[in-house]
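Novice: Sharing a structure with you now.
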Amino acid sequence: MATQRTPLPYWLIAPILRGSGDVWIGIALWIAIGALVTAALMRARHRAAWRGALLGAVLGGVGGALLLAPLWFGLVSLLDKRCAHCGTQTRPDAATCPRCGHAFTESPRLDAFVAALVNLARVVMTIELALLAGGIILELSGKDALDTYRVLFEWGLGTPRARANSLLAATPIIFTGLGTAIAFRAGIFNVGVEGSLYMGALLAAWIGFTFTDLPALPLIALAFVAGALAGGLWGLVPGYLKARLRVDEVVTTIMLNYVAIEFTSYMVQSGPFFVPGMANAMSKTIAKQAQLPQLVERSQLNASFILALVTVVAIMILMSRTRLGFEARMVGDNPLFARWSGIMVGRTILLVMFVSGLLGGLAGAGQVLGVHYNFTARFSRGFGFDGITIALLGRNSPVGVLIGALLFGALRSGGTTIEVFTDVPIDLVDIVQALIIFFVAIDLNLDFLSRRRRAKTDRDAAPASAAA
Amino acid sequence: MDIVSLLDATLRISAPLILVGMAGLLSYQVGLINIALEGMMLSGAFAAVVFGYELGSTWLGVLMAIVVGAALGALFALAVITLRANLIVAGLALNFLATGGTAYLMDILYNQSGTLAPEGLRKLPAVTIPLLEDIPVLGEMLSGHSPLVYVSWVMVPLTSIFLYRMVVGGHIRAVGEHPEAAQTAGISVQGMQYLALILGGMLCGLAGAHLSVGDLPLFRERMTNDRGFIALAAVYFAAARPRLTAVACLLFGFFEALQFRLQLRDTALPNEFLQMLPYLMVVIALVVISVRKEWRKGW
């Protein structure tokens, strides 16, 4: 996981913990957060303007003091280190016990847990920053930002049906996000998941409307497998070019996306899958039994979401517990070192690109079998690009991708309604997405800078300690 | 099929490609892959229409398109060079920002969605070349285009001179070739990168202006239609040499013009394959280039 490379920034998870004065700052901070958030919510929801805001602030403040602050301190104190010698509790980033000087050894599990927490905080903070900037844009253009966001989140998360639709929107981008993340983690800048998605969708649709005699389960399984394979093979093309011929993958994957889009459009527009008399460029509808069962009433949320969740776990295991995952991470960290330690870099790149394309193919198959029931030319609304955003946002970790995809699903699904219920153009969602990417790109880099600075101070400190 | 009108259309279609191609070439030469060409071009197209309408003069609109392009180029450079964001990521973000931002502004400012064609905005006057227009075939082909078409032709030798005959151009190429060596030689690496990206942004703005006010005075959402990527394809195909890039752009323009004709005439060759062609050609060109490089190195 990328997370383990970021050491524990203690200030971020617990700016306040030990010491007499610091605790009060922490409690005050949580009271303030509770008050602000609740005030904003009450004001927006009840339209009782300032009375609602005041009530909200008081309630939120009390809630912050009684609920949030203890919860936070409880959580943070879980991370405390306990000295094996004298039993003193101390801050988790301490290297030695403050009382007896006993040196702590790092517990990797704890470290990973903390890093995951930090990542979660980062994801939320990045999205909040982008929403804040989007809010400023809204206010500048004379719209009510709070009201817009209220509509956005009410229709993204407010009702069971809205939540189901958000999960529906999240489904394809979980797959594409995972596919992009696994390639990024191996140091391959694969922008081509979109192309794999189209290939996978096309083949899944073909299976779906050709083998209509098969019973439901084998047919669905076959369609998913075929779609995944088609995506994976499509991903192998730039993979092969990179691994064997050293062709830069960024440009080839971008270009091959267009090739895939044009090719699949041809197949349904005038090629073999063309259906005369169909108004739009679509293939035949897939067999009834191949259509994935829906999970909730009055929403298209379907079984492919469950498959997506299973895939998250599978990729987690793949990346952290298998040889391929280990080799991919090593290649991503330092290809030269990986090569000299006996890893076949070319083979790893090929495999990673195959898996990455496989996931793209699954995304396409899921959309065809669960949502559209046919292959429509250019049906993807930038799922591949959303996948890139999410992979960056989730810092290439499967859980991060899942969280990012869920948030993005809500944003997308809620975004379609803001145009209906407010006079704000839907394009706001695109702007917010662009801002998120910008913030992530810059944040990644700040992380990089701090790592470099630390490396430098370590280097400077080394001779001094040697002299001592 | 009327060959003259086909070539005429080729020249018209390839002009923005050439301009953007020169922009992509500059950033290629300084060692940066510029994904953001698309977004800069779209913003330029929008700026040309908006400012052309608001200021009452299409030419001022074109000027503002250049300014907006330069501003976006500077923004991109700030993110990529100063804040050291990932090149591809920042480029994607800029493209999103441009598609979302132009559509958003169009809705906010003019309460329009989809297409913006303000009344009273005129397209750039077509240029007729005095003597040339009397020659039967050549005149029909070469004369009577929008002025930016001719600008695009002038830009090709200008870029060539800038890159290969001027000191600054040499510095830009040096930075692209080997940044550390250039730095040691006293060249400001960041300065050259900024310069190339900002100049590229200006060219993109100009190309966008050609799209929006060159032929029809209107702006459509996503009207650039991936031309930025096609131009990038041309740059790669020509290994970033100005004249070859222009030729590649003309070629792609020819295919696009041909495809319109074929679409009208409904032939056997599906036009999706023609549309695929530039992209496939890039992949092939990249493979050829890299195989040749490997050969030279010796396997």
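The values are calculated or read from the model by the stated rules, or taken from the named source; none is laboratory data. All values reported here derive from a predicted model rather than from experimental measurement. Counting neighbours? That spans all protein chains shown, and the Cβs are built from the backbone with ideal geometry, glycine included. Remember, those area values only see protein heavy atoms, side chains included, never the ligands or the DNA or RNA. Shrake-Rupley method; radii C 1.70, N 1.55, O 1.52, S 1.80 Å.
Novice: Looking at B:Ala98, B:Ala93, B:Ala103, B:Ala74, can you tell me which residue is free of Cβ contacts under 8 Å to residues at least 40 places away in the same chain and among the hydrophobic types (A, V, I, L, M, F, W, C)?
Specialist: Result of the check over B:Ala98, B:Ala93, B:Ala103, B:Ala74: B:Ala93.
Novice: Would you mind finding the one in A:Gly346, A:Gly366, A:Gly342 that is small (Gly, Ala, Ser) and not in a helix (DSSP H, G or I)?
Specialist: Unique residue meeting the criteria: A:Gly342.
Novice: Condition first: touching a Ser or Thr at 6+ places or on another chain (Cβ under 9 Å), under 25 Å from A:Ala243 (Cα atoms) and open to solvent by 10 Å² or more (accessible area, probe 1.4 Å). Now tell me which residues in segment A:336-381 satisfy that.
Specialist: A:Leu358, A:Leu362
Novice: Got a sec? Which of B:Arg243, B:Arg296 is farther than 16 Å from B:Gly24 by Cβ and either more than 14 Å from every other protein chain (Cβ to nearest Cβ) or assigned to a helix (DSSP H, G or I) (or both)?
Specialist: Exactly one residue qualifies, and that residue is B:Arg296.
Novice: Looking at (1) within 21 Å of A:Val296 (Cβ to Cβ); (2) surrounded by fewer than 22 Cβ atoms within 10 Å (Cβ to Cβ); (3) in contact with a Ser or Thr (Cβ under 8 Å, 6 or more places away or on another chain), find the lone condition where A:Ile426 falls short.
Specialist: Result: A:Ile426 fails condition (1) only.
Novice: Within the group B:Gly191, B:Gly169, B:Gly201, B:Gly186, which residue is at pLDDT 90 or above and within 23 Å of B:Gly100 (Cβ to Cβ)?
Specialist: After ruling out the rest, the residue left standing is B:Gly201.
Novice: Test of understanding: among A:Gly232, A:Gly271, A:Gly277, which residue is without any contact (Cβ under 8 Å) to a residue 24 or more places away in the chain and either within 7 Å of another protein chain (Cβ to nearest Cβ) or open to solvent by less than 60 Å² (accessible area, probe 1.4 Å) (or both)?
Specialist: A:Gly271
Novice: Any idea which of A:Phe263, A:Phe305 is within 14 Å of chain B (Cβ to nearest Cβ), at pLDDT 90 or above and assigned to a helix (DSSP H, G or I)?
Specialist: Only one candidate qualifies: A:Phe263.
Novice: If you don't mind, another one. Among (1) over 21 Å from B:Tyr28 (Cβ atoms); (2) assigned to a loop (DSSP other than H, G, I, E, B), there is one condition B:Ile187 misses while meeting the rest; what is its number?
Specialist: (1)
Novice: Now for a different question. Go through segment A:385-422 residue by residue and tally those that are open to solvent by less than 10 Å² (accessible area, probe 1.4 Å) and hydrophobic (A, V, I, L, M, F, W, C).
Specialist: Residues flagged as open to solvent by less than 10 Å² (accessible area, probe 1.4 Å) and hydrophobic (A, V, I, L, M, F, W, C) within segment A:385-422 amount to 9.
Novice: Could you tell me whether B:Ser43 is touching a residue at least 60 places away in the same chain (Cβ under 8 Å), open to solvent by 10 Å² or more (accessible area, probe 1.4 Å) and in contact with a Cys (Cβ under 9 Å, 6 or more places away or on another chain)?
Specialist: Taking the combined requirement at face value, the residue satisfies it.
Novice: Still on this structure: Condition first: out of contact with any Asp or Glu (no Cβ under 8 Å at 6 or more places or on another chain) and open to solvent by 60 Å² or more (accessible area, probe 1.4 Å). Can you find one or more residues in segment B:94-104 that meet it?
Specialist: Checking segment B:94-104: not a single residue is out of contact with any Asp or Glu (no Cβ under 8 Å at 6 or more places or on another chain) and open to solvent by 60 Å² or more (accessible area, probe 1.4 Å).
Novice: Could I ask something else about it? So A:Gly208 fits all but one of (1) more than 17 Å from A:Gly361 (Cβ to Cβ); (2) part of a helix (DSSP H, G or I); what number is the exception?
Specialist: (1)
Novice: Of all residues being among the aromatic types (Phe, Trp, Tyr) and touching a helix residue (DSSP H, G or I) at 6+ places or on another chain (Cβ under 8 Å) in segment B:130-163, which is modelled with the lowest pLDDT? Just the residue, please.
Specialist: So, considering only residues that are among the aromatic types (Phe, Trp, Tyr) and touching a helix residue (DSSP H, G or I) at 6+ places or on another chain (Cβ under 8 Å), the one modelled with the lowest pLDDT is B:Trp153.
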